[in-house]
Amino acid sequence: MNSQTNIKIVLISITVLALVSIGFKIKPVLENYDDFKAQQVYKVNYNYFFKSGDKNTTVKTFIPNSNSRQQISKYNNKSDSTLLFSKKGLASNKKVIWRTKAVNTYHSINYEFIFQGKEKRFTLPQQFDNASEKHQYYLHATENIQAKDAKITQLANRLTKRAKNDSQMIKSIFDYVAEIPSAPIITLTDALTAIEQNRASCNGKSRLFVALCRNLGYPARIKGGIILENTNKRTSHVWAEVLINEHWVPFDALNNHFAYIPANYLEIYEGDEFLITHTPGIQFDYTYEVESINHIPFLKLNSEEIRQLSSISLWRLVEKRIIPENALNLLLLLPIGGLLVAFLRNVVGVKTFGVFLPVLIAFSLLHTGFISGMIMFVCLILLVGLISYPFDRIGLLYTPKLVISLSIMVGLMIIATMIGIRFNVTWLTTLTFFPTIILTIAAERFSRATIEDGHKLAIEKLGQTLLATIICYGFLSWSALPALLIIFPECLLLIISLAMLLGRYIGIRWVEYYRFAPLFNQPKKIQL
């Protein structure tokens, strides 16, 4: 039996083994496909503790409902049996109520549910449609949202006098409210007090923003909920929503979220309400217990059900946090990216700085953002080349020169990050430790190529490396890919099979068809 036959047997065996293993799991995965595709999942517990008074005692709280950006499931009331439990309210503002007739007795309430959320961004049109009659209520002044007060009118006119359209008006008043110094004020702050004190927490800023919007004729309201984090907390949160072309658009002036709501914002109620109300005069305490849940974005299955899909799975590594999720994603994506770069090098004919460097750069772009990351990458790499030029003239050796160049580059990264923090330029603050290492390695490769091959060839190779990076980024940015590899690690066997086939390729590279096209197009001579 020759070597080629052995290779074919190994290839077929590996491929069949991988496909059979994948086949056993593909049916339950397809049956439990979830098109909601949550970005974050949490288990939330309302924990309330109180001592009933000398008469009937009541505790009320709002609970969330599902909508286009959040899914709520598995409601579970685990309160003590002496409490009478009931629900009431509309779909948007639903309340749960606990009552007891027992006097001077200690009670505990535990109400839990599962939250699945995803972020939502809006692009504002320049001009807004007029609000319909049914939304006129959201233009009225209230006790704490003094939309018709002379001070609110004066401020609204001053902020928007240079605005040319509706979008600019909203941006002007949002920027003003966002710049008001934040303060952890736990008492109620109305719109006028926020102006007078020039400091406010989320409730004061939201009421002021809503008052300014209503004064200018834009229907607006308060939205209440909790910012979910993997911890126990006592603070709820409120933000604002503005009706723009029949869509309620979120604005959080405290956290500077303009027409955007993050994935971990739990929406619970609408309107200027209190999340918890209870019989006055009783002893009452509370906490929100929030636990982050690992999940597969496109599956309805919980952790235990995912674990039961197959013993051949990497889910336990994620569930037990044995390997950080980002590190595991990188490990799983490296072979796929490497195969893609190998195809570009061996079949297409693209020249790159190594096999895995384009993959690592693409992975770092997932952290920095594609456009800003590419700009920073190209500028820093070219800067290293420019910096090394004067050191060449004075005859420094390669290694000390490289250390100097990279030290300057790291210093510039730190300065850029500080500028980003100072002036709130988000993309300048994305140079985290991992992307910095990747950029440093790329700069070293470019510097070496400049010395060995000259500036022209080094820049050509850099351009082809960027091309490979863009292709890798387009493939690796598919958000479901790491989750698929966690469920189906057998795909690594398929990658090995494809790499073995690629390793046997001895044909002409695609770019050579272009380079030697004149030769291929010459008419063949007929020999007589």
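Just so it is clear, none of the values below were taken in a lab; they were calculated from the coordinates. Nothing here was measured: the structure is a model prediction, and the numbers come from that model. When we count neighbours, we look across all protein chains shown, and the Cβ atoms used for this are built from the backbone with ideal geometry, even at glycine.
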Please arrange ASP149, ASP166, ASP453 by how many other C-beta atoms lie within 10 Å of their C-beta, fewest to most. ASP453, ASP149, ASP166
Tilt, helix 433-453 to longest principal axis of the chain (alpha-carbon atoms), in degrees rounded to tens, equals 20
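Going by average Cβ density within 10 Å per residue, which order do the peptides 339-345, 409-415 take, highest to lowest? Numbers along the way, then the final one.
Values: 339-345: 19.6, 409-415: 14.6.
So the order, starting with the most tightly packed, is 339-345, 409-415.
Using only helices, what value at 222 nm comes out for the chain when you add -39,500 (n - 2.57) per DSSP H run of length 4 or more and divide by the total residues, to the nearest 500 deg cm²/dmol? Provide the component values of the computation, followed by the final result.
Details: 17 runs with 239 residues, N = 528.
Mean residue ellipticity, 222 nm, calculated: -14500 deg cm²/dmol.
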Can you grab the distance from the C-alpha centre of segment 76-132 to the C-alpha centre of segment 453-511, Å, no decimals? 48
By how many degrees, 0 to 90 and rounded to 10, does the Cα axis of helix 3-31 deviate from the longest principal axis of the chain? 10
Cross-link partners of LYS55 among aspartates and glutamates (Cα-Cα below 20 Å; sequence separation of 8 or more within a chain): ASP80, ASP285
Give me the one-decimal nm value for the distance between modelled label points at SER303 and PHE284, 7 Å along each residue's Cα-to-Cβ direction. 3.3
What shape does segment 323-487 take by its C-alpha gyration tensor, where a ≥ b ≥ c are the square roots of the eigenvalues and a/c under 1.5 counts as rounded, a/b above b/c as prolate, and the rest as oblate? oblate
For LYS171, give me every one of the aspartates and glutamates with a C-alpha distance below 13 angstrom, ignoring sequence neighbours fewer than eight places off in its own chain. GLU179, ASP252
Pairing the Cα long axis of helix 455-476 with the longest principal axis of the chain, what angle in degrees results, from 0 to 90 and rounded to the nearest 10? 50
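Taking 20 Å as the cut-off for C-alpha to C-alpha distance, list the pairs among LYS101/LYS233; LYS351/LYS456; LYS60/LYS148 that go past it.
On the way: LYS101/LYS233 30 Å; LYS351/LYS456 14 Å; LYS60/LYS148 32 Å.
From the list (LYS101/LYS233; LYS351/LYS456; LYS60/LYS148), the Cα-Cα distance tops 20 Å for LYS101/LYS233; LYS60/LYS148.
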Cβ neighbours within 10 Å, averaged per peptide: list 314-326, 195-207 in order, most packed at the top. 195-207, 314-326
Given the Cα-Cα distance of ALA91 and GLU246 and 0.36 nm per residue of separation, how much length would full extension add, in nm? 54.0 nm
Between segment 252-266 and segment 176-234, the Cα center-to-center distance that results, in Å: 12
With the 8 Å Cα cutoff and a minimum separation of six or more residues, the chain has a relative contact order in percent of 16
How do 271-277, 485-491, 506-512 rank on mean C-beta neighbours within 10 Å, highest first? 485-491, 271-277, 506-512
Give a quick list of GluC sites (Glu not before Pro) in segment 53-155 that DSSP marks as loop, anything other than H, G, I, E or B, with at most 13 other Cβ atoms within 10 Å. GLU143
